[in-house]
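Input: a single structure, listed below in C-alpha coordinates.
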Amino acid sequence: MALHWQIMIAIGAAFVFGSLFGTEIDGFSLLSIYEFVGGMFLDALKMLIVPLIMSSIISGAANLGKGKGVVAIAGRTVTYFLVSTALAIVTALVVVNVIQPGVSGQHPLSEVVHLPSLGGDISAKFASHQFSDFIQVVRDMVPANIVDAAAHTQMLGLIVFSLLFGFALTRIPEPGRQVVHDFWNGVQEVMIQITHWLMKLAPIGVFALVAAVVAKSGLALLLPMLGFFLTVTLGLMIHAFITLPLILWFTTRLNPYHFILAVWPAMLMAFSTSSSAGTLPVTMDVVENRAGVSKEIASFVLPLGATINMNGTALYECAAVLFIAQAYGVDLSIWTQLMIVVLALMTSIGVAAVPSASLVAIALILGVLGLPLEAMGLLLVVDRVLDMLRTSVNVYSDSVGAVIVAHRRGDRGLLTGGVAP
(Lines give C-alpha, C1' and ligand atoms only; values in the text may rest on other atoms or scores of the structure.)
Protein backbone atom coordinates (compact mmCIF):
# COMPACT_ATOMS: atom_id res chain seq x y z
CA MET A 1 0.00 0.00 0.00
CA ALA A 2 1.30 3.46 -0.88
CA LEU A 3 2.69 5.47 2.02
CA HIS A 4 0.15 8.28 1.71
CA TRP A 5 -2.71 5.79 2.06
CA GLN A 6 -1.04 4.26 5.12
CA ILE A 7 -0.73 7.69 6.72
CA MET A 8 -4.33 8.59 5.89
CA ILE A 9 -5.49 5.33 7.49
CA ALA A 10 -3.30 6.07 10.52
CA ILE A 11 -4.88 9.52 10.87
CA GLY A 12 -8.37 8.03 10.61
CA ALA A 13 -7.51 5.38 13.19
CA ALA A 14 -6.04 8.03 15.48
CA PHE A 15 -9.30 9.98 15.38
CA VAL A 16 -11.28 6.84 16.16
CA PHE A 17 -9.06 5.66 19.02
CA GLY A 18 -8.52 9.12 20.44
CA SER A 19 -12.20 10.07 20.44
CA LEU A 20 -13.56 6.68 21.59
CA PHE A 21 -11.05 5.74 24.31
CA GLY A 22 -9.71 9.13 25.40
CA THR A 23 -6.54 9.28 27.48
CA GLU A 24 -6.95 5.97 29.32
CA ILE A 25 -8.88 2.72 29.37
CA ASP A 26 -9.58 0.70 32.51
CA GLY A 27 -6.98 2.71 34.38
CA PHE A 28 -4.33 2.01 31.73
CA SER A 29 -2.82 5.22 30.33
CA LEU A 30 -3.11 5.26 26.57
CA LEU A 31 -1.86 8.83 26.53
CA SER A 32 1.54 7.83 27.93
CA ILE A 33 1.95 5.31 25.10
CA TYR A 34 0.93 7.87 22.49
CA GLU A 35 3.38 10.42 23.88
CA PHE A 36 6.21 7.86 24.14
CA VAL A 37 5.86 6.64 20.55
CA GLY A 38 5.20 10.10 19.17
CA GLY A 39 8.18 11.49 21.07
CA MET A 40 10.46 8.84 19.61
CA PHE A 41 9.26 9.69 16.12
CA LEU A 42 9.99 13.39 16.69
CA ASP A 43 13.43 12.54 18.10
CA ALA A 44 14.15 10.47 15.01
CA LEU A 45 13.27 13.47 12.84
CA LYS A 46 15.61 15.68 14.85
CA MET A 47 18.35 13.07 14.58
CA LEU A 48 18.45 13.56 10.80
CA ILE A 49 18.68 17.36 10.80
CA VAL A 50 22.43 17.99 10.79
CA PRO A 51 23.75 15.26 8.46
CA LEU A 52 20.81 15.51 6.07
CA ILE A 53 20.98 19.25 5.55
CA MET A 54 24.78 19.48 5.42
CA SER A 55 25.20 16.67 2.89
CA SER A 56 22.37 17.98 0.69
CA ILE A 57 23.73 21.51 0.53
CA ILE A 58 27.38 20.53 0.04
CA SER A 59 26.48 18.12 -2.75
CA GLY A 60 24.22 20.66 -4.44
CA ALA A 61 26.79 23.45 -4.27
CA ALA A 62 29.59 21.19 -5.51
CA ASN A 63 27.49 20.14 -8.50
CA LEU A 64 27.63 23.71 -9.80
CA GLY A 65 31.13 23.10 -11.16
CA LYS A 66 33.29 26.02 -12.32
CA GLY A 67 34.00 28.16 -15.37
CA LYS A 68 32.50 31.43 -16.68
CA GLY A 69 29.60 29.79 -18.49
CA VAL A 70 28.69 27.69 -15.50
CA VAL A 71 29.05 30.69 -13.18
CA ALA A 72 26.56 32.69 -15.27
CA ILE A 73 24.08 29.82 -15.40
CA ALA A 74 24.57 29.10 -11.71
CA GLY A 75 24.06 32.75 -10.84
CA ARG A 76 20.78 32.95 -12.73
CA THR A 77 19.64 29.63 -11.28
CA VAL A 78 20.37 30.51 -7.68
CA THR A 79 18.91 34.00 -8.11
CA TYR A 80 15.66 32.52 -9.40
CA PHE A 81 15.59 29.96 -6.58
CA LEU A 82 16.06 32.64 -3.91
CA VAL A 83 13.55 35.09 -5.41
CA SER A 84 10.83 32.51 -6.04
CA THR A 85 11.27 30.98 -2.58
CA ALA A 86 11.21 34.39 -0.90
CA LEU A 87 7.99 35.28 -2.76
CA ALA A 88 6.44 31.99 -1.64
CA ILE A 89 7.28 32.76 1.99
CA VAL A 90 5.92 36.29 1.74
CA THR A 91 2.71 34.83 0.27
CA ALA A 92 2.38 32.57 3.31
CA LEU A 93 3.07 35.50 5.62
CA VAL A 94 0.31 37.61 4.06
CA VAL A 95 -2.29 34.83 3.74
CA VAL A 96 -1.87 33.53 7.30
CA ASN A 97 -1.91 37.02 8.84
CA VAL A 98 -5.04 37.94 6.90
CA ILE A 99 -7.04 34.72 7.43
CA GLN A 100 -5.60 33.83 10.88
CA PRO A 101 -6.39 30.10 10.87
CA GLY A 102 -4.94 29.74 14.39
CA VAL A 103 -7.76 31.83 15.83
CA SER A 104 -11.18 30.26 16.47
CA GLY A 105 -13.78 32.98 16.68
CA GLN A 106 -12.10 35.65 18.80
CA HIS A 107 -9.95 33.21 20.78
CA PRO A 108 -6.64 31.44 20.10
CA LEU A 109 -6.97 27.77 19.27
CA SER A 110 -5.28 26.88 22.57
CA GLU A 111 -8.37 28.19 24.41
CA VAL A 112 -10.65 25.97 22.33
CA VAL A 113 -8.73 22.70 22.29
CA HIS A 114 -6.02 21.25 24.51
CA LEU A 115 -2.50 22.02 23.32
CA PRO A 116 0.89 21.21 24.89
CA SER A 117 1.77 23.79 27.52
CA LEU A 118 4.56 26.27 26.88
CA GLY A 119 4.98 26.85 30.58
CA GLY A 120 4.88 30.28 32.23
CA ASP A 121 3.73 33.43 30.52
CA ILE A 122 3.52 32.85 26.76
CA SER A 123 3.85 36.48 25.81
CA ALA A 124 6.97 36.87 27.96
CA LYS A 125 8.68 34.11 26.00
CA PHE A 126 8.42 36.16 22.83
CA ALA A 127 8.85 39.65 24.25
CA SER A 128 12.61 39.43 23.71
CA HIS A 129 12.34 38.33 20.06
CA GLN A 130 12.94 41.78 18.68
CA PHE A 131 15.43 43.30 16.27
CA SER A 132 18.37 42.28 18.46
CA ASP A 133 17.41 38.62 18.03
CA PHE A 134 17.34 39.03 14.27
CA ILE A 135 20.82 40.58 14.41
CA GLN A 136 21.95 37.59 16.46
CA VAL A 137 20.50 35.24 13.86
CA VAL A 138 22.58 37.02 11.22
CA ARG A 139 25.59 36.82 13.54
CA ASP A 140 25.09 33.06 13.98
CA MET A 141 25.47 32.61 10.22
CA VAL A 142 29.22 32.58 10.83
CA PRO A 143 29.81 30.06 13.66
CA ALA A 144 33.08 30.19 15.59
CA ASN A 145 33.03 26.41 16.02
CA ILE A 146 31.31 24.32 13.39
CA VAL A 147 31.24 21.22 15.63
CA ASP A 148 29.64 23.21 18.45
CA ALA A 149 27.12 24.66 15.96
CA ALA A 150 26.19 21.14 14.89
CA ALA A 151 25.91 19.97 18.51
CA HIS A 152 23.52 22.82 19.31
CA THR A 153 21.68 22.58 15.96
CA GLN A 154 22.57 26.13 14.92
CA MET A 155 21.41 25.45 11.39
CA LEU A 156 21.99 28.86 9.83
CA GLY A 157 25.68 28.61 10.57
CA LEU A 158 25.78 25.04 9.27
CA ILE A 159 23.97 26.05 6.07
CA VAL A 160 26.40 28.91 5.36
CA PHE A 161 29.38 26.68 6.11
CA SER A 162 27.98 23.94 3.87
CA LEU A 163 27.50 26.39 0.99
CA LEU A 164 31.07 27.68 1.36
CA PHE A 165 32.37 24.12 1.60
CA GLY A 166 30.52 23.05 -1.52
CA PHE A 167 31.67 26.02 -3.60
CA ALA A 168 35.25 25.68 -2.36
CA LEU A 169 35.14 22.02 -3.29
CA THR A 170 34.81 22.96 -6.95
CA ARG A 171 38.08 24.92 -6.77
CA ILE A 172 40.45 22.26 -5.46
CA PRO A 173 42.43 19.95 -7.79
CA GLU A 174 41.97 16.28 -8.44
CA PRO A 175 42.04 13.67 -7.00
CA GLY A 176 41.08 15.32 -3.71
CA ARG A 177 38.03 17.06 -5.14
CA GLN A 178 36.39 13.91 -6.46
CA VAL A 179 37.11 11.96 -3.28
CA VAL A 180 35.48 14.57 -1.06
CA HIS A 181 32.63 15.08 -3.55
CA ASP A 182 31.92 11.35 -3.64
CA PHE A 183 32.00 11.24 0.16
CA TRP A 184 29.31 13.91 0.59
CA ASN A 185 27.23 12.45 -2.24
CA GLY A 186 27.41 9.15 -0.39
CA VAL A 187 26.40 10.76 2.89
CA GLN A 188 23.44 12.40 1.18
CA GLU A 189 22.31 9.09 -0.33
CA VAL A 190 22.65 7.36 3.05
CA MET A 191 20.64 10.06 4.82
CA ILE A 192 17.93 9.96 2.17
CA GLN A 193 17.78 6.19 2.60
CA ILE A 194 17.40 6.58 6.37
CA THR A 195 14.70 9.20 5.76
CA HIS A 196 12.87 6.71 3.53
CA TRP A 197 13.09 4.13 6.33
CA LEU A 198 11.78 6.66 8.83
CA MET A 199 8.91 7.55 6.51
CA LYS A 200 7.94 3.86 6.49
CA LEU A 201 7.43 4.23 10.24
CA ALA A 202 5.64 7.54 9.77
CA PRO A 203 2.13 5.98 9.98
CA ILE A 204 2.94 4.76 13.50
CA GLY A 205 4.39 8.10 14.56
CA VAL A 206 1.50 9.99 12.96
CA PHE A 207 -1.03 7.73 14.70
CA ALA A 208 0.58 8.33 18.10
CA LEU A 209 0.93 12.10 17.69
CA VAL A 210 -2.57 12.65 16.31
CA ALA A 211 -4.20 10.23 18.76
CA ALA A 212 -2.58 12.06 21.68
CA VAL A 213 -3.98 15.38 20.48
CA VAL A 214 -7.45 13.98 19.76
CA ALA A 215 -7.56 12.09 23.06
CA LYS A 216 -6.97 15.32 24.97
CA SER A 217 -9.03 17.67 22.83
CA GLY A 218 -11.61 15.53 21.02
CA LEU A 219 -12.88 15.96 17.47
CA ALA A 220 -13.26 19.70 18.03
CA LEU A 221 -9.77 19.92 16.51
CA LEU A 222 -10.84 18.92 13.00
CA LEU A 223 -12.71 22.08 12.01
CA PRO A 224 -9.92 24.52 13.03
CA MET A 225 -7.38 22.39 11.13
CA LEU A 226 -9.61 22.55 8.07
CA GLY A 227 -9.11 26.30 8.18
CA PHE A 228 -5.33 25.84 8.23
CA PHE A 229 -5.55 23.36 5.35
CA LEU A 230 -7.57 25.76 3.20
CA THR A 231 -5.26 28.67 4.08
CA VAL A 232 -2.13 26.80 3.00
CA THR A 233 -3.89 25.51 -0.12
CA LEU A 234 -4.86 29.08 -1.03
CA GLY A 235 -1.26 30.21 -0.55
CA LEU A 236 0.05 27.40 -2.75
CA MET A 237 -2.51 28.21 -5.47
CA ILE A 238 -1.59 31.90 -5.43
CA HIS A 239 2.09 31.06 -5.80
CA ALA A 240 1.56 28.38 -8.47
CA PHE A 241 -1.06 30.07 -10.62
CA ILE A 242 -0.28 33.76 -10.14
CA THR A 243 3.26 34.41 -8.89
CA LEU A 244 5.22 31.80 -10.89
CA PRO A 245 3.32 32.39 -14.17
CA LEU A 246 3.96 36.13 -13.82
CA ILE A 247 7.67 35.50 -13.24
CA LEU A 248 7.76 33.25 -16.31
CA TRP A 249 5.95 35.76 -18.51
CA PHE A 250 7.93 38.81 -17.40
CA THR A 251 11.31 37.09 -17.91
CA THR A 252 10.59 35.14 -21.11
CA ARG A 253 7.29 36.42 -22.58
CA LEU A 254 6.31 32.75 -22.97
CA ASN A 255 2.72 31.66 -22.44
CA PRO A 256 2.32 30.28 -18.86
CA TYR A 257 -0.71 28.24 -19.94
CA HIS A 258 1.33 26.42 -22.58
CA PHE A 259 4.01 25.80 -19.97
CA ILE A 260 1.55 24.24 -17.53
CA LEU A 261 0.33 21.93 -20.30
CA ALA A 262 3.92 20.90 -20.95
CA VAL A 263 4.92 20.07 -17.36
CA TRP A 264 1.58 18.75 -16.13
CA PRO A 265 2.72 15.06 -16.09
CA ALA A 266 5.58 15.92 -13.72
CA MET A 267 3.21 17.81 -11.42
CA LEU A 268 0.88 14.80 -11.28
CA MET A 269 3.79 12.50 -10.50
CA ALA A 270 4.96 14.87 -7.76
CA PHE A 271 1.46 14.94 -6.29
CA SER A 272 1.35 11.13 -6.25
CA THR A 273 4.80 10.51 -4.79
CA SER A 274 5.30 13.61 -2.60
CA SER A 275 8.96 13.42 -3.62
CA SER A 276 10.83 15.90 -5.80
CA ALA A 277 13.70 13.43 -6.09
CA GLY A 278 11.42 10.56 -7.06
CA THR A 279 9.78 12.76 -9.68
CA LEU A 280 13.09 14.01 -11.12
CA PRO A 281 13.30 11.55 -14.06
CA VAL A 282 9.78 12.52 -15.17
CA THR A 283 10.51 16.22 -14.62
CA MET A 284 13.64 16.07 -16.77
CA ASP A 285 11.77 14.19 -19.48
CA VAL A 286 8.87 16.65 -19.78
CA VAL A 287 11.10 19.73 -19.45
CA GLU A 288 13.38 18.47 -22.24
CA ASN A 289 10.86 16.85 -24.60
CA ARG A 290 7.69 18.84 -23.97
CA ALA A 291 9.04 22.25 -22.89
CA GLY A 292 12.02 22.20 -25.26
CA VAL A 293 14.78 22.90 -22.71
CA SER A 294 18.21 21.58 -23.68
CA LYS A 295 19.51 18.53 -21.84
CA GLU A 296 22.51 20.55 -20.66
CA ILE A 297 20.34 23.08 -18.84
CA ALA A 298 17.76 20.57 -17.62
CA SER A 299 20.39 18.22 -16.18
CA PHE A 300 21.98 21.15 -14.34
CA VAL A 301 19.01 23.15 -13.04
CA LEU A 302 16.53 20.40 -12.17
CA PRO A 303 18.71 18.18 -9.91
CA LEU A 304 19.93 21.30 -8.12
CA GLY A 305 16.36 22.53 -7.80
CA ALA A 306 15.25 19.20 -6.36
CA THR A 307 17.86 19.76 -3.65
CA ILE A 308 17.59 23.44 -2.75
CA ASN A 309 14.53 24.99 -4.47
CA MET A 310 11.51 24.21 -2.31
CA ASN A 311 8.93 26.96 -2.91
CA GLY A 312 5.97 24.97 -1.66
CA THR A 313 7.90 23.64 1.31
CA ALA A 314 9.11 27.09 2.35
CA LEU A 315 5.57 28.45 2.07
CA TYR A 316 4.28 25.59 4.22
CA GLU A 317 7.03 26.00 6.83
CA CYS A 318 6.24 29.69 7.30
CA ALA A 319 2.48 29.09 7.38
CA ALA A 320 2.83 26.21 9.86
CA VAL A 321 4.98 28.16 12.32
CA LEU A 322 2.75 31.25 12.15
CA PHE A 323 -0.32 29.06 12.60
CA ILE A 324 1.08 27.43 15.74
CA ALA A 325 2.06 30.84 17.13
CA GLN A 326 -1.48 32.08 16.49
CA ALA A 327 -2.89 28.96 18.12
CA TYR A 328 -1.01 29.84 21.32
CA GLY A 329 -2.14 33.47 21.20
CA VAL A 330 1.36 34.77 20.52
CA ASP A 331 1.42 38.21 18.89
CA LEU A 332 4.62 38.03 16.86
CA SER A 333 6.42 41.29 16.19
CA ILE A 334 7.42 42.28 12.67
CA TRP A 335 11.05 41.43 13.49
CA THR A 336 10.14 37.97 14.74
CA GLN A 337 8.12 37.35 11.59
CA LEU A 338 11.07 38.56 9.54
CA MET A 339 13.23 36.08 11.41
CA ILE A 340 10.73 33.33 10.52
CA VAL A 341 10.99 34.35 6.85
CA VAL A 342 14.78 34.08 6.97
CA LEU A 343 14.66 30.73 8.79
CA ALA A 344 12.09 29.32 6.34
CA LEU A 345 14.19 30.50 3.39
CA MET A 346 17.42 29.04 4.75
CA THR A 347 16.02 25.74 6.04
CA SER A 348 14.02 25.06 2.88
CA ILE A 349 17.35 24.94 1.04
CA GLY A 350 18.44 21.93 3.05
CA VAL A 351 15.19 19.95 3.08
CA ALA A 352 15.54 16.57 1.38
CA ALA A 353 13.39 15.94 -1.67
CA VAL A 354 11.49 13.09 0.01
CA PRO A 355 7.97 12.85 1.51
CA SER A 356 7.32 14.86 4.69
CA ALA A 357 10.97 15.89 5.08
CA SER A 358 9.78 19.46 5.76
CA LEU A 359 8.76 18.28 9.23
CA VAL A 360 12.48 18.34 10.05
CA ALA A 361 12.75 22.03 9.12
CA ILE A 362 9.52 22.92 10.94
CA ALA A 363 10.88 21.24 14.07
CA LEU A 364 14.01 23.38 13.77
CA ILE A 365 12.08 26.68 13.45
CA LEU A 366 9.75 25.79 16.33
CA GLY A 367 12.78 25.08 18.49
CA VAL A 368 14.35 28.44 17.64
CA LEU A 369 11.14 30.28 18.59
CA GLY A 370 10.59 28.28 21.78
CA LEU A 371 7.37 26.61 20.62
CA PRO A 372 6.82 22.96 21.64
CA LEU A 373 7.59 20.33 19.02
CA GLU A 374 4.56 18.39 20.24
CA ALA A 375 2.42 21.06 18.57
CA MET A 376 3.45 19.48 15.28
CA GLY A 377 0.82 16.87 16.05
CA LEU A 378 -1.71 19.49 14.93
CA LEU A 379 -0.08 19.70 11.52
CA LEU A 380 -0.05 15.95 10.98
CA VAL A 381 -3.85 15.94 10.76
CA VAL A 382 -3.62 17.56 7.33
CA ASP A 383 0.09 17.23 6.50
CA ARG A 384 -0.19 14.32 4.09
CA VAL A 385 -2.40 16.00 1.51
CA LEU A 386 -0.57 19.30 1.92
CA ASP A 387 2.71 17.43 1.35
CA MET A 388 1.39 16.23 -2.00
CA LEU A 389 0.28 19.73 -2.97
CA ARG A 390 3.48 21.50 -1.95
CA THR A 391 5.65 18.92 -3.70
CA SER A 392 3.77 19.65 -6.92
CA VAL A 393 4.55 23.35 -6.44
CA ASN A 394 8.22 22.50 -5.77
CA VAL A 395 8.54 20.58 -9.04
CA TYR A 396 6.56 23.22 -10.94
CA SER A 397 8.91 25.93 -9.70
CA ASP A 398 12.00 23.88 -10.67
CA SER A 399 10.59 23.53 -14.18
CA VAL A 400 9.89 27.28 -14.44
CA GLY A 401 13.48 27.92 -13.41
CA ALA A 402 14.85 25.60 -16.09
CA VAL A 403 12.85 27.39 -18.82
CA ILE A 404 13.92 30.83 -17.58
CA VAL A 405 17.62 29.88 -17.40
CA ALA A 406 17.46 28.31 -20.88
CA HIS A 407 15.75 31.39 -22.32
CA ARG A 408 18.23 33.79 -20.70
CA ARG A 409 21.09 31.76 -22.19
CA GLY A 410 19.61 32.39 -25.61
CA ASP A 411 17.87 29.09 -26.27
CA ARG A 412 14.94 29.26 -28.65
CA GLY A 413 12.19 26.82 -29.54
CA LEU A 414 10.92 26.62 -25.98
CA LEU A 415 7.36 25.39 -25.46
CA THR A 416 7.11 24.22 -29.05
CA GLY A 417 7.05 20.50 -28.32
CA GLY A 418 3.58 19.98 -29.72
CA VAL A 419 1.70 20.11 -26.41
CA ALA A 420 0.46 23.68 -26.69
CA PRO A 421 -2.69 24.42 -28.70
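The values are calculated or read from the model by the stated rules, or taken from the named source; none is laboratory data. All of these numbers come straight from a predicted model, not from anything done at the bench. In this analysis, Cβ positions are derived from the backbone assuming ideal geometry, glycine residues included, and neighbour counts consider all displayed protein chains. Ligands, DNA and RNA are stripped out before the accessible areas are found, and what is left, the full protein with its side chains, is counted by its heavy atoms. Shrake-Rupley method; radii C 1.70, N 1.55, O 1.52, S 1.80 Å.
Can you tell me how many residues in region 235-255 are surrounded by fewer than 17 Cβ atoms within 10 Å (Cβ to Cβ) and assigned to a helix (DSSP H, G or I)?
Of the residues in that region, 7 qualify.
Consider ALA344 carefully, then state whether it is at pLDDT 80 or above, part of a helix (DSSP H, G or I) and open to solvent by less than 10 Å² (accessible area, probe 1.4 Å).
On the way: at pLDDT 80 or above: no; part of a helix (DSSP H, G or I): yes; open to solvent by less than 10 Å² (accessible area, probe 1.4 Å): yes.
So ALA344 fails the test.
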*Which ones in region 156-186 are open to solvent by 60 Å² or more (accessible area, probe 1.4 Å) and among the aliphatic types (A, V, I, L, M)?*
LEU164, ILE172, VAL179
*Before we move on, is ILE53 part of a helix (DSSP H, G or I), crowded, with 19+ Cβ neighbours inside 10 Å and modelled with pLDDT under 75?*
yes
*What about VAL330, is it more than 21 Å from GLY157 (Cα to Cα) and at pLDDT below 70?*
no
_Looking only at region 191-211, how many residues end up being touching a helix residue (DSSP H, G or I) at 6+ places or on another chain (Cβ under 8 Å) and open to solvent by 70 Å² or more (accessible area, probe 1.4 Å)?_
3
